[in-house]
Structure formats: structure tokens, C-alpha cells
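Notes follow the structure.
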Amino acid sequence: MANSGLQILGFALSLLGIIGLIVGTILPQWKMSAYVGDNIITAIAMYEGLWMSCAFQSTGQIQCKVYDSILQLNSALQATRALMIVSILVTAAGLGVACMGMKCTTCGGDDKTRKSRIAMTGGIIILIGSLCSIVACSWYAHDIIRAFYNPFTPVNTKYEFGSAIFIAWAGAFLAVVGGGMLAASCPRGKSTQKYPSRPPTSKEYV
């Protein structure tokens, strides 16, 4: 029962993690305009995401524009896009594999040892997918920090972290914890108890 509860908790955390990854990938608030120096105009807030850039006005109007060409994007944004998509696909595949190996399902047959190994494999796949998202978020965050502290970057074009990158980071962390719990459901070898040999009786000597 303890192993089954660990699998259910790991699956739930991984499911919440992939939802966070999807939401974070879609949202355009990966970086937002930083109000530093003389850039104190707060009537318009600029946001940039993986797929579009948006301008939020103080009147409540939102104007978004999808990036025209992939070739015009910098290498960090292209790599983050690719890694986040790969992360979502790999994590979803890991959830499918783990679902077949969980004790509370009947997809993988009745062999408990085989099902535990399938669940462990699904957990490892989830870990690989979540690590891809961690690399993507960290790469994008490093690009923001490098541009922020670059003295040649104009003050009015400096950006800081947006809410979407924190959502993606949180989703990746939940997927790591959930995948680790599923991977920890590796079956343990059953120790065979050895009984002492029965001494021969007097009848056996006859």
C-alpha cells in the first residue's frame, strides 16, 4: 500500500508539473520590461514570451504580436522553444508509461514486478523531460540576466523575469519530484528464507 500511495502521489505531482509546463510555455510573460534608471514610464508594460510579444496599457488594452520569422529570433529563444516542446512531449510520454505500470491500474497485466518496472521506467522518462525544461528555463534566464547587466544595452530595452518563467520552473520542479517518486517504485528482491535441514530420523537408517 505504501508503494502504491507513492506512485499515486508521484503521478499527481507529475501531472501538475506538465500542466505548469504547458501553461508556462503558452504565456507571453517570460520577460517583462524593467523600470530602472530613467525608464519610469509605467503606462505601457512590455512582455515577451516564446511565441509573441505583448504590450499592456494602463487602460486595460492588450496588443500582442506573434513573431514573424523563426530565423529572426536569437539562439536562446529558439533553443528554449525546442527544449520546452521536447520536455512537454517526453513528460507526457512518461506519464503514459507510468500509468500502465501503476498498481492501481490494470493496463500492464497482473505481474506486480513487471508493473513496478514499467512505473520506474515512466518515472525516469519524466525526469528526463523535466530536466529538459529546467535547462530551457535556466538558459532563457541567463540570457535575460546577461542582457540586463550588459552596459551597452539601452535602459529602456532592459527586461527582467516574468511570471511565466517562474510557472515553468515550478512545473519542472513538480515533475522532477513526481518522476523521482515513480522511479523509486523499483521492485525490491524478495529475500528467500532458508530453513535448516531436517535431521534424519531413526527410520531412515533402517
### K158 in contact (Cβ under 8 Å) with a residue 24 or more places away in the chain and open to solvent by 80 Å² or more (accessible area, probe 1.4 Å)
no
### Message
Restricting to region 10-36, count the residues that are open to solvent by 50 Å² or more (accessible area, probe 1.4 Å), hydroxyl-bearing (S, T, Y) and at pLDDT 90 or above.
### Response
0
### Query
Given the structure, is A164 touching a Lys or Arg at 6+ places or on another chain (Cβ under 9 Å) and either closer than 29 Å to L13 by Cα or not aromatic (F, W, Y) (or both)?
yes
### Task
Could you tell me which residue of region 161-206 is modelled with the lowest pLDDT, considering only residues that are assigned to a helix (DSSP H, G or I), aromatic (F, W, Y) and open to solvent by 100 Å² or more (accessible area, probe 1.4 Å)?
Y205
### Message
Among the numbered criteria (1) in contact with a helix residue (DSSP H, G or I) (Cβ under 6 Å, 6 or more places away or on another chain); (2) open to solvent by 40 Å² or more (accessible area, probe 1.4 Å); (3) under 30 Å from P28 (Cα atoms), which one does T80 miss?
### Response
(2)
### Message
For region 135-148, check the following and say yes or no: at least one residue is within 30 Å of A55 (Cβ to Cβ) and at pLDDT below 90.
### Response
yes
## Note on the structure
Counting only residues in region 47-76 that are touching a residue at least 40 places away in the same chain (Cβ under 8 Å) and over 16 Å from I26 (Cα atoms), the one most open to solvent (accessible area, probe 1.4 Å) is identified as N74
### Message
Within region 105-112, does at least one residue satisfy the condition of being in contact (Cβ under 8 Å) with a residue 24 or more places away in the chain, open to solvent by less than 80 Å² (accessible area, probe 1.4 Å) and either touching a Ser or Thr at 6+ places or on another chain (Cβ under 8 Å) or in a loop (DSSP other than H, G, I, E, B) (or both)?
### Response
no
### Message
Among the residues of region 113-136, are any more than 22 Å from G10 (Cβ to Cβ) and not in a loop (DSSP other than H, G, I, E, B)?
### Response
yes
### Query
Only one residue in A76, A172, A141 is touching a His at 6+ places or on another chain (Cβ under 9 Å) and at negative phi, so which one is that?
A76
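The values are calculated or read from the model by the stated rules, or taken from the named source; none is laboratory data. Fair warning: this is a prediction, and the values are worked out from it, not measured in the lab. Heads up, the Cβs are rebuilt from the backbone with ideal geometry, glycines too, and the neighbour counts pull from every protein chain shown. The area values use the complete protein model at the heavy-atom level, side chains included, leaving out ligands, DNA and RNA. Shrake-Rupley method; radii C 1.70, N 1.55, O 1.52, S 1.80 Å.
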